[in-house]
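Reading through the C-alpha cells given below for one structure.
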Amino acid sequence: MPLLTTEYLTADDAGIARAAELLRQGRLVAFPTETVYGLGADARNGEAVAAVYAAKGRPSFNPLIAHVASVEAARRYVQWSDAAEKLANAFWPGPLTLVLPLREGHGISSLVTAGLDTLAVRVPAHPTARQLLAAFDGPVAAPSANPSGRISPTTAEHVRTGLDGRIAAVLDDGPCGVGVESTIVGLADEPTLLRPGGLAAEEIEGVLGKTLRHHETGDPLSAPGQMLSHYAPDAPVRLNAQARRGDEILLGFGPVDCDLNLSEAGSLTEAAANLFSALHALNETGRPIAVTPIPDHGLGVAINDRLRRAAAPRNT
Ligand code: TXA
Ligand code: MG
C-alpha cells in the first residue's frame, strides 16, 4: 500500500475541525477515547470502513463499534429497550458498549456490522472524542488504532509506532485514562457480557438488578472477532509468575519485587490505565515477559482477559 503522510493534530479547535473534515472525506483519523485510541471512519461510508480493515491488516471483517455523541444519536441506529435506557442513563458517556438490534433505515455500512443484524454503539466520555463527534455530526466506526492482533494504543505515540503512513491523521491528546477497551454488553437477547472491559461487570449488574450471562468460548453469542491471540508483544508472555525465570522481565502488581509495576498500591484502576503502556515498553526490551498474578474481580477481569490473549499461542 503506498505510504501516506500522516498528519499529527493537536486537540484544539483547529485540530478537531481538521479531523472532522478528514472523516467527512472518508479518510481515517485516530483519536483519543477514555479507553484506548480509536481508528475512526465515517460509519456510513463503506469505502472508508473498508480502509480501516486494510490499515489494521485485519484478517477478516469483524464487526466494529459505532461511536456517537448522545443517546438520541444512538437511538437513530438501534432499537432501544428498557435495559438499554437503564445502562445508558447510568454509564454513558463512558467505557460501555451496547449491542442492540439495528433499526430500519439505519444507514450504517454493513462492513461495520459484518453483516449482523445488531450494532455495537457507544457514547465515549473523553472530551476530545466528544468534540470530534459533535464536529463530525455522524456515527464514527472505530476499532482500537493498532495493527490487527497487536497491543492496543493508549498514547498517540503508540498509534504512530503501529500505523504511521497508513492513516490520514492522529489527533493527539495524551494518554488515555481508563486504559482498557470498553465493556461490551449484548442486549439483543438476555443481557450478556460479550467482553470484559473498562467498566466492571459488577457495576452493570448492580444497575440491571440481575447477573449478566457470561459467554462461553465457542458460544455463537460471544463477541465475534475476539481472537484468542491478541494484544501480542513480539516475545512470549508467561502469566501467574511468582519470580523471573532465565532472561525474563517481570511485570508486577502490588507489593512485589519486579522490573515494572502496574500498581504498587494494588489498585486495579491504576493497573488498567498502565497495562498497554507497560506491554509496549516491555516489548521494546525484546525480552520474554512474565507477569505476577492479578486479582480476578472488578477491572482485574478485563486486565486478565487481555493478558491471557497476550500470552496465547500466536495465530501466525
Ligand atoms: O474501548 C473500545 O471499545 C475501543 C474504543 C476505540 O472505543 N474500541 C474497540 O474496538 O475496542 P475493537 O474493534 O477493537 O473491538 C470491537 C469488538 C469486536 O471485536 C467485536 O467483538 C465486538 O466489538 N462487536 C462489535 N459489533 C458487535 C456485534 N454486533 N455483536 C457482537 N459483538 C460486536
Ligand atoms: Mg482492538
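Quick note: the coordinates plus some simple rules give every number you see, no bench work behind them. These numbers were taken from a predicted model, which means no experiment stands behind them. Because the Cβ atoms are built from the backbone with ideal geometry, glycine has one as well, and the counts that use them run over all protein chains shown.
Starting from the Cα of Asp117, step 7 Å along the direction of its Cβ; do the same at His297; then give the gap between the two resulting points in nm.
About 4.0 nm separates the two model spin labels.
If r is the Cβ-Cβ distance from Glu104 to Ser60 and R0 is 25 Å, what FRET efficiency results, to the nearest 0.05?
Once rounded, the FRET efficiency stands at 0.40.
Quick one: grab the alpha carbon gyration tensor of the chain, order the square roots of its eigenvalues as a ≥ b ≥ c, and give me rounded if a/c is under 1.5, else prolate or oblate depending on whether a/b is larger than b/c.
Oblate is the answer for the chain, as a/c is 1.5 or above yet b/c matches or exceeds a/b.
Let me have the 222 nm mean residue ellipticity of the chain computed from DSSP H runs of 4+ only, each contributing -39500 (n - 2.57), with the sum over all residues rounded to the nearest 500. Present the calculation step by step, with values, prior to reporting the outcome.
Details: 10 runs with 100 residues, N = 316.
Result for the chain, helices only: -9500 deg cm²/dmol.
Checking the a/c ratio against 1.5 first, then a/b against b/c, what shape does the Cα gyration tensor give for the stretch 50-159?
It comes out oblate by the Cα gyration axes.
Using the alpha-carbon centroid of each, what span in Å lies between the stretch 253-267 and the stretch 83-153?
33
Taking square-rooted eigenvalues a ≥ b ≥ c of the alpha carbon gyration tensor, is the stretch 114-170 rounded, prolate or oblate, where a/c under 1.5 means rounded and, failing that, a/b exceeding b/c means prolate?
Note, shape of the stretch 114-170 comes out oblate.
Efficiency by 1/(1 + (r/R0)^6): what FRET value for Thr5 and Glu47, r their Cβ-Cβ distance, R0 = 22 Å, to the nearest 0.05?
0.60
Only bridges with both residues in the chain count here: give the DSSP antiparallel percent, nearest 5.
Expressed as a percentage, antiparallel bridges in the chain total about 40.
Using the Cα centre as the reference, give the magnitude of the dipole from point charges on the C-beta atoms of the stretch 7-214 (Lys, Arg: +1; Asp, Glu: -1; all else neutral), rounded to the nearest 20 debye.
Here the stretch 7-214 has a charge dipole of around 440 debye.
With r as the distance between the Cβ atoms of Thr269 and Asn89 and R0 = 30 Å, compute the FRET efficiency 1/(1 + (r/R0)^6) and round to 0.05. Could you put the intermediate results ahead of the total?
On the way: r = 22 Å, r/R0 = 0.75.
So the FRET efficiency works out to roughly 0.85.
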